[in-house]
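Here's the structure we're looking at; comments come further down.
The values are calculated or read from the model by the stated rules, or taken from the named source; none is laboratory data. In this text, all values refer to a predicted model and were calculated from it rather than measured experimentally. A quick note on method: Cβ atoms are made from the backbone with ideal geometry, for glycine too, and the neighbour counts reach across all protein chains shown. Calculation scope for accessible area: heavy atoms of the full protein, side chains included, ligands and nucleic acids excluded. Shrake-Rupley method; radii C 1.70, N 1.55, O 1.52, S 1.80 Å.
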Amino acid sequence: MATIAAIITAPGEAAISAIRISGDQSWAIAQKISKKTFKEKQVELSWINKDTEKLDQVIIIPFKKPRSFTGEDVIEIHSHGGFVCVNKILELILENGARLAKPGEFSEQAVLNGKMDLVQAEAIHDLITAKTDLARRNAIEIYKGALGNEIKELRESLLNLLGAITASIDFPDEVGDYDKKAYINSVEACITSIDKVLETERQGEILRHGYKVAIIGKPNAGKSTLLNTLLKKDRAIVTDIEGTTRDSIEEFYNLDGFPIILIDTAGMRESEDKIEKIGIQKSHALANEADLILELIDLSQDSEEVQRDDSLKIGTKLDLEIKSKIKTDLNISATNSSNIEELKSLLKTKINLLAGSENNVKINQRQADLLRQSKEALKRSLIATELSEDFWTIDLRNAIHHLGEITGDSLTEELLDNIFSRFCIGK
């Protein structure tokens, strides 16, 4: 493998920035630019030198393979934070034989060297991008091996089953025919296990990408005021002029660990204003794509037509004189925060993110797709039991392969590129 290097800390002013070098030449490069000799587990304080110029005084941490994150010889250089120092050091490292790491390449090295499986590598990405504590906890459990071990055990049981059937085919006199009923029971048990894991797919989607809540209603119904109240900041402009919100506003909202994407939309009404009409059309489209619609109804106005039958009806301006006769699910006042906590509870009930066991880790889309492919292959294998044993194994092998793609036991270059291209450089 080539020796690779990258900055592994976020850009910007900070006390410390860090560079990782991984590969056979990492120690030699670090010794050349620091004029130091390293020992494993011995941290060095050193100047980094380019010819006669001192670039920065740094801390150097050496790791010897396989006892490193990547499984290769690794050097970590901790410099003063900021843009200039750390980039000058990285340039010097690249000049001395390393190449810039691709996105996710350190984690890819770790997978190829058996330091972690693909599921754990994806958990690192989830951990970096986690926006709530629930997402963090899910990523930690997966990184600890909860999901990967489950998939590996399932794959191992199918491999054992394949081995037994293959022995029956190759050595019929010694082994005899494999019991068809036992085979069917084993495959059905695996399908049941896959279904149990697949139950967490929707929860995983919400954890990673958020639950979309569209706030709709007539102009001046209090949509932007509610958004600002929930976010506890003035994110949307609020006036008493109808049509103030011309375009949608999307904001992430952490509701006691529940990741929500709040979408403030343009007021829905008939309008001849070309720009406002575009905003209203977009509002309808966003409402159709949302997981939940909050339709705000101005209680201070006479009864008016409801926009959506599939929405949660929230009466607003509870602090004013109530004139509306429309039946609502909850009445609030965003101005004085009346019943805002009740609205939050209602949202959490609707999301129902933790339905089922809290101990079940939540899978991602890639894992779910491969589990479904494995399940379909197993179902085809059951159909093949009407034929000879040779036909049973065809789809059984496909099911095993798809499970291996989840953990990395069935690796291809295309699979690695697809996964690690989503990672940031330095991870």
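For segment 34-56, the candidate set comprises residues that are β-branched (Val, Ile, Thr) and more than 38 Å from the chain's Cα centre (by Cα); within that set, the residue that is most open to solvent (accessible area, probe 1.4 Å) is THR52. Counting only residues that are more than 27 Å from ASP417 (Cα to Cα) and in a strand (DSSP E or B), which one in segment 62-85 is most open to solvent (accessible area, probe 1.4 Å)? Top of the filtered list is HIS80. For the residues LYS88, LYS115, LYS152, LYS181, the requirement of being in a loop (DSSP other than H, G, I, E, B) and open to solvent by 30 Å² or more (accessible area, probe 1.4 Å) singles out LYS115. Residues in segment 57-90 that are over 25 Å from GLU13 (Cα atoms), within 29 Å of the chain's Cα centre (by Cα) and not hydrophobic (A, V, I, L, M, F, W, C): PRO66, ARG67, SER68, THR70, GLY71, GLU72. Of note, ASP369 satisfies the criterion of being modelled with pLDDT of 90 or more and open to solvent by less than 80 Å² (accessible area, probe 1.4 Å). All conditions in (1) modelled with pLDDT under 95; (2) over 22 Å from the mean Cα position of the chain (by Cα) hold for LYS350, with the sole exception of (2). Applying the criterion of being β-branched (Val, Ile, Thr) and in contact (Cβ under 8 Å) with a residue 12 or more places away in the chain to the residues of segment 369-405, the residue that is farthest from LYS181 (Cα to Cα) is ILE400.
Write out, first by first residue and then by second, each pair whose Cβ atoms fall under 6 Å of each other, whose residues are 6+ apart or on separate chains, and whose first residue, in segment 194-221, is more than 30 Å from LYS317 (Cβ to Cβ) and at pLDDT 90 or above while the second is basic (Lys, Arg) and not in a helix (DSSP H, G or I). Partner pairs satisfying both residue conditions: THR200/LYS362; GLY204/LYS362. Every condition in (1) among the hydrophobic types (A, V, I, L, M, F, W, C); (2) open to solvent by 10 Å² or more (accessible area, probe 1.4 Å); (3) farther than 29 Å from LEU118 by Cβ is met by ILE7 except one, and the failing one is (3).
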